[in-house]
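**Q** Below you will find the structure I want to go over with you.
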């Protein structure tokens, strides 16, 4: 049986939140709404900041002409559309706040083509706590890369959501337990040392 006890050292742990931005949190999501994910992620971010642990806010953005958007030959590419001006802006409940790290990506995963790994390693980070939208796209792609970069992972099940409850459940129940530890927001908050 898996050990449920979790202890996090703020000196070696970072919170990484994926795509909590205007153009994504308003989508139809399941099993949690965008508002529910944002509320839980905001609680996590505030507590990590209080503990002195890095908070990394990842957003996805593209040039106006979509020239930097990866569009390989695929059976089900999303349609191109004109994005509103605030599409890639982080929602205000999340930040950024002073000291936060903001990473802009141009694909699902937050490691490829960004300085995320450098930002984490230069700060001595060994454990990544991960949440955001969508569970089985940006979060899962980032989790797989973090695993391949030898980070310990904690995946916050109720601080992420997807386009369907089934897609979320598959990632959380099948993929994530092989990459790290799946925990709730409350379990992660309890794993940080008490504030003096």
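All of the numbers you see were taken from the coordinates with simple rules; none came from a lab. Since we're looking at a predicted model, the values are computed, not measured. A quick note on method: Cβ atoms are made from the backbone with ideal geometry, for glycine too, and the neighbour counts reach across all protein chains shown.
**Q** With the Cα gyration tensor of region 150-189 giving a ≥ b ≥ c as the square roots of its eigenvalues, does the rule (a/c under 1.5 for rounded; else a/b larger than b/c for prolate; else oblate) give rounded, prolate or oblate?
**A** oblate
**Q** Here's another thing I want to ask about it. Using only helices, what value at 222 nm comes out for the chain when you add -39,500 (n - 2.57) per DSSP H run of length 4 or more and divide by the total residues, to the nearest 500 deg cm²/dmol?
**A** So the helix-based figure for the chain works out to -7500 deg cm²/dmol.
**Q** What is the Cα convex hull volume of region 11-59 when expressed per residue in Å³?
**A** Cα-based convex hull of region 11-59, divided per residue, equals 67 Å³.
**Q** Let me ask another. Sort the following peptides by mean Cβ neighbour count (other Cβ atoms within 10 Å, averaged over residues), highest first: 134-140, 29-35.
**A** Working: 134-140: 25.7, 29-35: 17.6.
Descending packing order for the listed peptides: 134-140, 29-35.
**Q** Another question, if that's okay. Sorting check: for 12-18, 161-167, 188-194, which peptide has the highest mean count of neighbouring beta carbons within 10 Å, and how do the rest follow?
**A** So the order, starting with the most tightly packed, is 12-18, 161-167, 188-194.
**Q** Now a separate question. For residue 69 paired with residue 186, estimate the spin-label separation in nm (one decimal), with each label point 7 Å from Cα along the Cα-to-Cβ line.
**A** 4.1
**Q** How far, in degrees from 0 to 90, does helix 34-51 lean away from the longest principal axis of the Cα atoms of the chain, to the nearest 10?
**A** That works out to roughly 40 degrees.
**Q** Continuing with the same structure: Quote the relative contact order of region 85-158 in percent (integer), defining contacts as alpha-carbon pairs under 8 Å separated by 6+ residues.
**A** This gives 27 percent for region 85-158.
**Q** Still on this structure, please answer the following. Among rounded, prolate and oblate, which fits region 92-196 when a ≥ b ≥ c are the square roots of the eigenvalues of its C-alpha gyration tensor, a/c under 1.5 means rounded, and a/b larger than b/c means prolate?
**A** Details: a/c = 1.38, a/b = 1.13, b/c = 1.22.
Since a/c stays below 1.5, the shape of region 92-196 is classed as rounded.
**Q** Shifting gears a bit: May I ask what percent, to the nearest 5, of DSSP beta bridges between residues of the chain are antiparallel?
**A** Counting only bridges with both partners in the chain, antiparallel ones make up about 10 percent.
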